[in-house]
Amino acid sequence: MAAREPSAAHVVLLEKLIGALTAKGILTEAEIAAKKSATEKASPETGARMVARAWTNPEFRARLLADGTAAAEEFGISLAGNPPLGVLEDTPALHHLVVCTLCSCYPRVVLGFPPHWYKSTAYRARAVRDPRGVLAEWGTMIPAGTQIRVVDSTADYRWMVLPVRPEGTEGWSEDQLAALLGAEELVGVALPKVARAQAA
Ligand code: FE
């Protein structure tokens, strides 16, 4: 399904809102432009690089899990004006799945714009009700013995997943590891697969 174009009414509303915020000195046009450009430049590559570093560098891994916001800043990504970034550590016993049940809250600074499916009502409702079933539809089979924890991304906290490093990647560089990771792996709907990078 194609993204909907904003209607004329939405454009007028946006212009009025920007006008009111700038008139009151709450925001400047320059701040809005900087934020737009940062969001447009953001992509899952950043999150992928952070996870690849965590897989190869135990000190960075600890920092990433303790404070995702500060860890992103090590990559030159400022979260100023954004909710903090939390990072969820997958283990063989625990798999995390990120959803925004209310709307489309997503760690845009490290993953870019949310994919269309992430914003769909079906994903938002079903990820909570039947996470194992939704994951199976993606082809992501989580073993019965692995717990699935669904985490709600909100206006107060944005979440990214630190997946388990796949077997067969011993000795790989950060670049090779980052190539295993896209938006799907970084919110937990897919698991990083070695075959994907080898085929690329
Ligand atoms: Fe939201």
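The values are calculated or read from the model by the stated rules, or taken from the named source; none is laboratory data. If you're wondering where the values come from, they're calculated on a predicted model, not measured in any experiment. Cβ placement follows ideal geometry from the backbone for every residue including glycine, while neighbour counts extend to all protein chains displayed.
Suppose we filter the stretch 19-49 for residues that are assigned to a helix (DSSP H, G or I) and within 30 Å of VAL187 (Cβ to Cβ); how many remain?
17
Given the conditions (1) of a type in the set (Phe, Trp, Tyr); (2) at pLDDT below 95; (3) within 16 Å of the ligand (Cβ to nearest atom), report the number of the one that TRP159 does not fulfil.
Going through the list (1) of a type in the set (Phe, Trp, Tyr); (2) at pLDDT below 95; (3) within 16 Å of the ligand (Cβ to nearest atom), TRP159 breaks only (2).
Do we have THR22 as over 26 Å from PRO131 (Cβ atoms), surrounded by 11 or more Cβ atoms within 10 Å (Cβ to Cβ), more than 16 Å from the ligand (Cβ to nearest atom) and not assigned by TED's automatic domain parsing to the domain that holds GLY145 here?
So THR22 passes the test.
Of everything in the stretch 139-186 that's among the acidic types (Asp, Glu) and surrounded by fewer than 20 Cβ atoms within 10 Å (Cβ to Cβ), which residue is nearest to LEU85 (Cα to Cα)?
ASP156
Which of the helices (runs of 4 or more DSSP H) found entirely inside the stretch 131-200 contain at least 1 residues meeting this: of a type in the set (Asp, Glu) and within 18 Å of GLY112 (Cα to Cα)?
Of the helices (runs of 4 or more DSSP H) lying wholly inside the stretch 131-200, those with at least 1 residues that are of a type in the set (Asp, Glu) and within 18 Å of GLY112 (Cα to Cα) span 183-187.
If we scan the stretch 24-43, do we find a residue that is among the polar types (S, T, N, Q), over 23 Å from LEU162 (Cα atoms) and at pLDDT below 90?
Looking for residues that are among the polar types (S, T, N, Q), over 23 Å from LEU162 (Cα atoms) and at pLDDT below 90, one finds at least one in the stretch 24-43, hence yes.
Condition first: surrounded by 22 or more Cβ atoms within 10 Å (Cβ to Cβ), modelled with pLDDT of 95 or more and within 12 Å of the ligand (Cβ to nearest atom). Now tell me which residues in the stretch 107-138 satisfy that.
Residue satisfying the conditions is TYR118 alone.
Determine if the stretch 154-161 includes at least one residue that is charged (D, E, K, R), at negative phi and touching a Leu at 6+ places or on another chain (Cβ under 6 Å).
yes
Just to be sure before I move on: is THR69 out of contact with any helix residue (DSSP H, G or I) (no Cβ under 8 Å at 6 or more places or on another chain), among the hydroxyl-bearing types (Ser, Thr, Tyr) and under 18 Å from LEU162 (Cβ atoms) in the structure I sent?
Yes.
Residues to consider are LEU177, LEU186, LEU97; find the one that is closer than 21 Å to GLU45 by Cα, within 16 Å of the ligand (Cβ to nearest atom) and touching a helix residue (DSSP H, G or I) at 6+ places or on another chain (Cβ under 6 Å).
Within the list LEU177, LEU186, LEU97, the selection yields LEU97.
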